[in-house]
Amino acid sequence: IRHKSYTIITSDSTTPLYKRIEKNFSAFMDIILEECNEIILDNEDTATNVLNRTDITLSQKQEYIQYLQTGIHSLKYLTDQSIWEALLQSGVLLCSEENIMKYFHYKGELDESLVYYINKTSKRLDFSEKSSGFSKEQRESLFNKMVKCNGLANAQYAQMVVTLGFYYEKFNIPDIQE
């Protein structure tokens, strides 16, 4: 109960307890964060609901993410973009091409958080048009930034170069490390 209390409470939205918590969710979240022993096992739908709420603070959301043990599959269901970076860094967000592209297009760059997220995965990344469903323009934008990124691990860099499917006729980009 301690680790997935909100999942249990939301299983029946007709109870007086549910209705009371919904009226003062921020106070409830403070209690959960204090009493969970740094482990939250809410199911993915419940976790997404919590992270999309507008009646809790950013710091409450970040602490919730820090304790969350449940994997989140997709950024597309998380409306509060201010928490995306914390999700990438926490290991809670499962690595996928969709999440990489969604975050990349939100930030417009391969920032430290995205590079960390890409580097830590052992998943084979496939950004080919057929596999990923991303447009040529989206993939080319990622390619152009990725080529200049010195922070990517060699294996991830190689996978991305090959599967994005672009190349330069002449490669004259300064400050690229070998």
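Computed quantities for the displayed model
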item: Across K123/K170; K19/K76; K120/K170; K148/K170; K102/K170, pairs whose alpha-carbon gap is larger than 26 Å; result: K123/K170; K19/K76; K120/K170; K102/K170
item: Region 101-176: C-alpha gyration tensor shape, a/c 1.5 cut-off, then a/b vs b/c; result: rounded
item: Computed FRET value (nearest 0.05) for T79 with K107, which takes r as the C-beta separation and R₀ as 22 Å; result: 0.85
item: Ratio of the Cα radius of gyration of the chain to 2.2 N^0.38 Å, where N counts its residues; result: 1.23
item: Top of L58, L88, L110 by mean-square fluctuation, Gaussian network on the chain, Cα under 10 Å; result: L58
item: Region 24-178 - charge dipole about Cα centre, Lys and Arg +1 at Cβ, Asp and Glu -1, debye rounded to 20; result: 700 debye
item: Cα centroid of region 133-165 to Cα centroid of region 56-112, whole Å; result: 20 Å
item: Estimated FRET transfer efficiency when R0 is 25 angstrom, pair S11-Q62 (beta carbons, to 0.05); result: 0.45
item: Extension gain from N24 to N49, taking 0.36 nm per residue of separation minus the Cα-Cα distance; result: 7.5 nm
item: Near-label residues of region 92-113 by backbone N, under 13 Å of a point 7 Å along Cα→Cβ of N119; result: 111-113
item: Cleavage-rule hits, trypsin sites (Lys or Arg not before Pro), region 1-75, DSSP coil, Cβ neighbours within 10 Å at most 11; result: R2
item: Accessible surface, per residue, of the chain when the full set of protein chains is kept, probe 1.4 Å, Å²; result: 58 Å²
item: Rounded FRET efficiency, nearest 0.05, which uses the C-beta distance separating A153 from I31 and R0 of 35 Å; result: 0.30
item: Amide H partners (placed H, <5 Å) of I72, local residues excluded; result: L93, L94
item: Point-charge dipole on Cβ atoms (K/R +1, D/E -1) for region 12-104, about Cα centre, debye to 20; result: 260 debye
item: The chain: relative contact order in percent, alpha carbon pairs under 8 Å with at least 6 residues between; result: 15 percent
item: The chain - percent of accessible surface contributed by carbon and sulfur, probe 1.4 Å; result: 47 percent
item: Gaussian network model of the chain, Cα within-10 Å springs - most flexible of E44, E98, E22; result: E22
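The values are calculated or read from the model by the stated rules, or taken from the named source; none is laboratory data. The model shown is predicted, which means the values in this text are computed figures rather than measured ones. Counting neighbours? That spans all protein chains shown, and the Cβs are built from the backbone with ideal geometry, glycine included. All accessible areas refer to the heavy atoms of the entire protein, side chains included, with ligands and DNA or RNA removed. Shrake-Rupley method; radii C 1.70, N 1.55, O 1.52, S 1.80 Å.
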